[in-house]
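The values are calculated or read from the model by the stated rules, or taken from the named source; none is laboratory data. The shown structure was predicted, so the numbers you read here are calculated from the model rather than taken from an experiment. Don't worry about glycine lacking a Cβ; one is built from the backbone with ideal geometry, like all the others, and counts go over all protein chains shown. Surface areas here come from the heavy atoms of the whole protein model, side chains and all, with no ligands, DNA or RNA. Shrake-Rupley method; radii C 1.70, N 1.55, O 1.52, S 1.80 Å.
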Amino acid sequence: AQSVTQLDSHVSVSEGTPVLLRCNYSSSYSPSLFWYVQHPNKGLQLLLKYTSAATLVKGINGFEAEFKKSETSFHLTKPSAHMSDAAEYFCVVSEDGGFKTIFGAGTRLFVKA
Amino acid sequence: EAGVAQSPRYKIIEKRQSVAFWCNPISGHATLYWYQQILGQGPKLLIQFQNNGVVDDSQLPKDRFSAERLKGVDSTLKIQPAKLEDSAVYLCASSPMGGTGNEQYFGPGTRLTVT
């Protein structure tokens, strides 16, 4: 059975400092992994996805994530936070060959001026 | 390209009443998803359609929830009768095809409050 664990429910950073949002997963198959962002009163938007190609994935707005199979992790990073990055971030797993999509509980990112 | 459309955006009903939500996916997208997002939680997949067939409805409370996608295009999700714990945002998403690796495009959601 597959599952997703986002290790922090809230993360607070200062503007201009690095961002790290942690995600661990379990999957019986070769998974596809995604990060989505949800700004207040806006729809979910894809940041980036991993689908068994390069393990370091670059997304929109300067975000990237690294797939580490040995650690079953897919952490999201950004070198320098902007105020506009404040939002809820969801790590998502989808199993290869299957159709099940599971969202993590989410991490709310706060960015201080 | 028009995005995923949902209506209504907001709905307030009393418990034991019924309610229906409508979703129109992006044109040409074969796969349609309905999610329930309770406040403070991640979205939970309720049902997934591939064209007009159900691929996964394992988490749909079938005693009160139903969904259809009769012509393989738009879809309706119904709750009858509603309970207090059904208060949530109901999200519709679509993708060009099912399976892994395919980005889902989300609509704005319908916020349901059951009193």
Computed ³J(HN,Hα) along the stretch A:79-87: with the Karplus parameters 6.51/-1.76/1.60, θ = phi - 60°, integer Hz and x for glycine or proline, the list is x, 9, 6, 10, 4, 5, 7, 4, 4
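What average count of beta carbons from other chains do you get within 10 Å of the Cβ of residues in B:52-64? Could you put the intermediate results ahead of the total?
Details: counts 0, 0, 0, 3, 4, 0, 1, 1, 0, 0, 0, 0, 0.
Mean partner-chain Cβ count within 10 Å for B:52-64: 1.
Find out how many positive minus negative residues lie around B:Leu91, taking Lys and Arg as positive, Asp and Glu as negative, among other residues whose Cβ is under 11 Å from that of B:Leu91. Don't skip to the end; give the middle numbers.
Numbers: positive: B:Lys44, B:Arg111; negative: none.
Result for the neighbourhood of B:Leu91: +2.
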Give, to the nearest whole percent, the P(r) tail of the stretch A:3-112 beyond 22 angstrom, counting all Cα pairs.
25 percent
Starting from the Cα of A:Ser84, step 7 Å along the direction of its Cβ; do the same at B:Met97; then give the gap between the two resulting points in nm.
3.4 nm
From the phi of every residue in the stretch A:45-58, what ³J(HN,Hα) in whole Hz does the Karplus formula 6.51 cos²θ - 1.76 cosθ + 1.60 yield, where θ is phi - 60° and glycine or proline is x?
10, 6, 8, 6, 8, 10, 9, 6, 9, 5, 6, 9, 10, 9
Averaged per residue, what accessible surface does the protein assembly as shown expose to a 1.4 Å probe, in Å²?
48 Å²
Within straight cross-link reach of A:Lys42, meaning Cα distance under 22 Å, which lysines are found once same-chain residues fewer than 8 apart are removed?
A:Lys78, A:Lys112, B:Lys11, B:Lys44
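Let me check I've understood the local charge: for A:Lys112, count other residues with C-beta under 14 angstrom from its C-beta, Lys and Arg +1, Asp and Glu -1. What total comes out? Show your work: numbers first, answer last.
Numbers: positive: A:Arg108; negative: A:Glu15, A:Asp85.
Computed value for this residue: -1.
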Rounded to the nearest 10 Å², the accessible area of B:Arg111 using a 1.4 Å probe with every protein chain kept is 110 Å²
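For the interface of A with B, what's the total buried accessible surface in square angstrom, probe 1.4 angstrom, rounded to the nearest hundred? Before the final figure, lay out the partial values.
Values: alone 6250 and 6350 Å², together 11020 Å².
Buried surface at the A/B interface: approximately 1600 Å².
Please compute the contact order of chain A in relative form: average sequence separation of alpha-carbon pairs under 8 Å and at least six residues apart, divided by the residue count, as a percent. Can you show the working numbers first?
Values: 290 pairs, mean separation 42.0, N = 113.
With pairs under 8 Å counted, the relative contact order is 37 percent.
Computing the accessible area with a 1.4 Å probe over protein heavy atoms, can you report the carbon and sulfur percentage for the stretch A:5-85? Show your work: numbers first, answer last.
Numbers: 2160 of 4230 Å².
Answer for the stretch A:5-85: carbon and sulfur cover 51 percent of the accessible area.
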Histogram of C-alpha separations across the stretch B:20-104, 10 Å bin width, %
18, 54, 25, 3
Which residues, if any, in the stretch A:70-113 lose at least 10 square angstrom of accessible heavy-atom surface (probe 1.4 Å) when the other protein chains sit next to their chain rather than the chain being alone?
A:Phe90, A:Ser94, A:Asp96, A:Gly98, A:Phe99, A:Lys100, A:Thr101, A:Phe103, A:Ala105
Each label sits 7 Å from Cα toward the beta-carbon; between A:Ala105 and A:Glu15 the label points are separated, in nm, by 3.1 nm
Under 16 Å from A:Lys69, Cα to Cα: aspartates and glutamates that are on another chain or at least 8 residues apart
A:Glu95, A:Asp96
